[in-house]
Each structure stands twice: as structure tokens, then as C-alpha cells.
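Below: one structure, written as C-alpha cells.
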Amino acid sequence: MQNEKIAQRDFFEQREEVLNSWPTGKEVDLEEAVKYHLDMPKSKNFSYKLNIASDNGETLAQPRAGVALISEHISLLKHLEQGGADLLPTTIDSYTRQNRYQEAQTGVEESRNTGRSMLNGFPAVNHGVEACREVVEELKTPVQIRHGTPDARLLAEITLAGGFNAFEGGGISYNIPYAKDIDLEKSIYWWQYVDRLTGYYEEVGISINREPFGPLTGTLVPPCISHTIGIIEALLAVKQGVKNITLGYGQCGNLVQDVAALVSLKELAEEYLSEFGYGDTKVTTVMHQWMGGFPQDESKAYAVISWGSVAAALGKATKVIVKTPHEAYGIPTKEANVAGISATKQIVNMLKDQEMEDSARFREEKEVIIKETKAILQKVLQLGEGDWVKGVVRSFQAGVIDVPFAPSRFNAGKILPVRDKEGCVRMLEAGNIPFSQEVLDYHREKIQDRGKAEGRIPSFQMVIDDIYAINKGMLVGKKGR
């Protein structure tokens with residue numbers, strides 16, 4: 001398996017198999033879908049709105065949302081649209097994410113019988129092309145498909161034919177953090193198909209935004225890990241013809257580190273895309289507000305939301321994925337979603353014209369992230385003998401890329417992240433990550449400084465304390481608190 005563009009003949013042969021895997025796949029007519037997209041107004045195009053925001057230095061607010069039935073889903077999205085969402089989601093249900101369409105269908109039927117959603121998202125594959133178009137046509141705002149699917153080929157076919165023009169995920173980011181037993185080569189192969197389909201639309205003049213999932217496991221993920229995976233997924237996507245990429249980052253909590261991460265992510269992505277011949281790719285960024293546990297108290301939850309909004313605004317993220325004050329209780333209400341959007345937009349509008357001070361501390365953090373990310377990417381390319389796909393597979397086998405707390409048995413799981421005394425995410429254990437001795441010493445010194453300040457030897461207990469810290473009203477899980 002290699003990082004080669006899928007030949008058109010092979011692509012169309014594979015399409016036959018994909019479209020015949022579930023009855024609604026037969027609704028997809030690619031030629032007719034192209035005409036449908038070309039007739040859509042520019043204002044509904046996700047890439048177009050992102051590009052304008054990027055050019056104007058704006059940060060757009062986008063929530064997560066999805067329910068089982070078409071009319072209820074439209075009603076939910078209209079409520080979010082009227083509540084100020086700049087971009088809209090269609091979050092896909094968990095059964096569809098695992099290609100368990102029959103069980104998703106049962107959930108649809110139960111939802112009709114009970115009058116409330118029995119699924120935690122919108123089962124787009126079960127509803128089919130026309131239902132997707134009904135959703136798109138009822139809204140004025142661009143809508144993105146957000147999910148978590150290792151094999152999203154049929155989902156992509158149906159939703160893109162259905163008029164959606166933004167699709168989240170990737171062969172690494174929607175496998176390693178989400179699945180236990182799915183072979184990495186398989187998921188990369190499946191996502192090459194998704195990107196080849198996206199590239200086909202691009203070839204006929206339809207811009208489809210692609211967004212690798214940046215937060216990964218969402219728990220103490222060092223910026224260099226998420227940067228590495230995002231950049232590789234971007235390089236794999238553009239090989240198949242993708243032209244519009246949004247790279248993501250999950251908030252870690254230290255403002256300087258978060259802003260440095262967002263700034264360096266865009267710079268590194270553009271550098272690598274240009275180096276490998278894809279300098280014409282439009283790169284934007286997305287900041288995911290805090291992905292860990294939330295306080296139950298609404299006032300404290302708003303503080304967490306606002307802190308993420310500050311990082312997004314100062315990091316000049318093109319968009320921010322919004323959390324709600326009800327995160328601690330499960331799936332939020334539409335009212336809670338709007339409340340999160342309002343709080344976020346207030347912050348990003350207040351900070352639109354402000355910038356992070358170019359201090360020595362900021363430059364240091366940015367330089368460390370860049371140095372770490374380049375070290376990993378260089379080793380990936382070396383292991384792959386110049387091929388990114390081979391390099392990724394071999395790098396996970398060797399632990400050169402390692403995602404903390406991931407369920408996948410194809411992930412080494414040897415790194416152990418922890419916060420330093422200022423709340424930056426460092427590596428207590430670096431596993432087989434190919435850092436220089438200088439970088440390893442930097443991490444060790446930062447963690448030892450925290451240990452001295454707290455009067456304890458750095459250990460796994462620190463990691464546990466940090467995971468629960470936000471719930472307890474702080475960022476760093478200090479001893480005795």
C-alpha cells in the first residue's frame with residue numbers, strides 16, 4: 001500500500017462495491033450530484049465561507065448537533081442557525097459510525113414510535129440522498145458532516161451527493177482514537193477513497209472542505225502528536241485531489257501553548273504542503289474547546305468555554321468547535337448549544353483585533369512544538385522510504401507516532417503526558433518518539449520544576465490528577481487539591 005492517487009478506473013470499480021453495500025447507496029448518481037452542487041449558491045459552500053473568514057481574520061463558531069429524524073434534525077439546526085452559529089454540523093450517530101446500518105434503522109423506527117431521538121446523531125446513510133438534500137435546502141448556513149467513522153466511504157458518497165460540502169475525519173484520526181481492532185492500513189485505504197471522491201468533485205469545480213480530526217483522544221494530547229497526524233492526513237488527502245483543508249487542534253489549557261500550537265500548525269502545514277508540491281492548497285484551522293471532563297456547575301462550565309474561546313481568538317483559528325454548559329450531563333439541549341455559541345461569539349468578537357504578545361515565552365513554546373513535530377515527521381518519512389502511507393504504518397508499529405490513551409491495539413501506548421507547573425502538556429514518558437536529547441531534557445526539567453513546587457516526585461499520579469483537574473476547578477492537578 002502506497003501514497004498514490006487512486007486511478008479513476010479503480011476508483012469507479014470500488015464505487016460499485018461501496019454503493020451496493022446498503023440500499024440507499026443506489027440513490028447516488030454522481031453526474032446528477034455534480035449538477036446539484038453547481039446549482040447551489042456560494043453562500044452555502046463551507047470552503048467559501050471558511051476562506052472569507054480566513055482572509056478577514058475572523059473566527060467562526062460551530063457547534064456539534066444531530067438527532068435521528070429528519071424534521072427534528074432540521075428544527076434543531078434552524079434553532080442553532082437562528083442562535084448565531086456561523087457554521088452548522090450534522091453529527092452522525094454511533095451505529096452509522098460503525099457501519100451498523102440495520103441497528104441505526106431500528107433506532108430511527110424507535111424514534112418515530114417514542115417521539116424522541118433514540119440515536120445520538122443523524123443516520124444519514126439510512127435516510128439517503130433526498131433526505132440529506134432536504135436538510136441542506138432548509139438552511140441558509142453551510143453544513144458539515146461530523147462523525148468518527150473508520151470506514152466512511154458510503155457515508156461520504158451519500159452525504160456529498162446529498163449536498164453537504166464539508167466532511168470531517170481521516171484514516172488515522174478516525175481510527176486510532178476510536179477503534180480497537182481496525183488495521184491502520186485498512187482505514188487509510190478507506191479514507192484514500194473518501195479523499196479521491198472529494199478530489200473528483202474538485203476536478204469538476206466543486207470545493208469540498210476536508211477536516212482531519214485534531215483532538216484525537218482529547219486527553220492531554222501533546223501538540224506535536226496532533227500536528228504530526230493532521231499534517232500527514234493533509235498530505236494524504238491532497239494526493240487524492242483535495243484542495244481545501246482545515247486542520248484541528250484540541251485545547252490543552254495553557255494559553256501560551258495553545259496559541260503557539262495553533263499558529264505553528266498552520267505554518268507547518270503550509271510548509272510541508274508546499275515542499276511536496278501542493279502549495280496551492282487552502283489551509284485553515286479549527287480550535288476544539290476543552291474535550292475533557294466538564295464541571296457540572298453551569299457558571300464554571302461557561303468559564304471553561306470562554307477560556308477555549310480566548311485561545312481560539314488569539315490563535316487566529318478560522319473556526320472554533322463550541323462546547324455547552326451541559327457537557328457534564330450528556331447530550332446537550334438546543335438551548336444549551338445556543339448558550340455556548342453566544343458565550344463563544346462574545347469572546348471571539350471582543351478579541352478579534354487583539355494578538356498574543358510576541359514574547360520570549362511564546363517564541364520558546366512555538367519553537368519547541370515545531371522542533372518536536374519536524375523530528376517525528378522526518379522519522380516517518382525515513383521509515384516510509386519517502387512514502388507517507390508506508391511511513392505512517394511503520395511509525396505506529398515502532399511507536400514513533402503514539403497517541404496517549406488511545407484504544408487501538410495498533411497504537412504503542414508508551415507515551416505518558418503530564419502538565420508542567422504552568423499547565424503546559426509535556427511528556428513524562430516519551431516512549432519511542434524520536435526527540436533529541438535536548439528536547440527530552442526540556443520536558444524532564446519542566447516536569448521536575450513542577451515536582452519541586454508541589455513537593456512530590458513526578459509519577460503517574462500526577463497524570464491522574466491532571467485528568468480530573470478541570471472538574472475540580474483548576475488546570476493543574478496539584479497535590480492535595
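The values are calculated or read from the model by the stated rules, or taken from the named source; none is laboratory data. Treat the numbers as computed from the prediction; the structure is a model and nothing was measured. In this analysis, Cβ positions are derived from the backbone assuming ideal geometry, glycine residues included, and neighbour counts consider all displayed protein chains.
Things to note:
- Qualifying residue in the stretch 436-447 (condition: touching a helix residue (DSSP H, G or I) at 6+ places or on another chain (Cβ under 8 Å), buried (at least 22 other Cβ atoms within 10 Å of the Cβ) and free of Cβ contacts under 8 Å to residues at least 40 places away in the same chain): no
- Conditions (1) within 30 Å of Lys186 (Cα to Cα); (2) among the aromatic types (Phe, Trp, Tyr); (3) within 24 Å of the chain's Cα centre (by Cα): number failed by Phe435: (3)
- Considered as a group, the residues in the stretch 133-151 that are in contact with a strand residue (DSSP E or B) (Cβ under 8 Å, 6 or more places away or on another chain) and either among the small types (Gly, Ala, Ser) or not in a loop (DSSP other than H, G, I, E, B) (or both) include one that is nearest to Leu184 (Cα to Cα), and that residue is Arg146.
- Picking from residues in the stretch 2-25 that are part of a loop (DSSP other than H, G, I, E, B) and not small (Gly, Ala, Ser), the one that is nearest to the chain's Cα centre (by Cα) is Asn3.
- The number of residues in the stretch 170-206 that are more than 14 Å from Val238 (Cα to Cα) and among the small types (Gly, Ala, Ser) comes to 4.
- Whichever residue in the stretch 68-101 is of a type in the set (Ser, Thr, Tyr) and closer than 18 Å to Ile321 by Cα and, among such residues, is surrounded by the fewest Cβ atoms within 10 Å (Cβ to Cβ): Thr91
- Selection from the stretch 360-383 of residues that are touching a residue at least 60 places away in the same chain (Cβ under 8 Å) and either more than 17 Å from Leu265 (Cα to Cα) or of a type in the set (D, E, K, R) (or both): Arg361, Glu365, Lys366, Lys371, Glu372, Lys374, Val380
- The residue list Gly248, Gly214 contains one member that is part of a strand (DSSP E or B), assigned by TED's automatic domain parsing to the domain that holds Ile188 and either at pLDDT 95 or above or of a type in the set (Phe, Trp, Tyr) (or both), which is Gly248.
- Inspection of the stretch 152-164 finds a residue satisfying the criterion of being more than 23 Å from Val283 (Cα to Cα), in a helix (DSSP H, G or I), touching a strand residue (DSSP E or B) at 6+ places or on another chain (Cβ under 8 Å) and assigned by TED's automatic domain parsing to the domain that holds Pro41.
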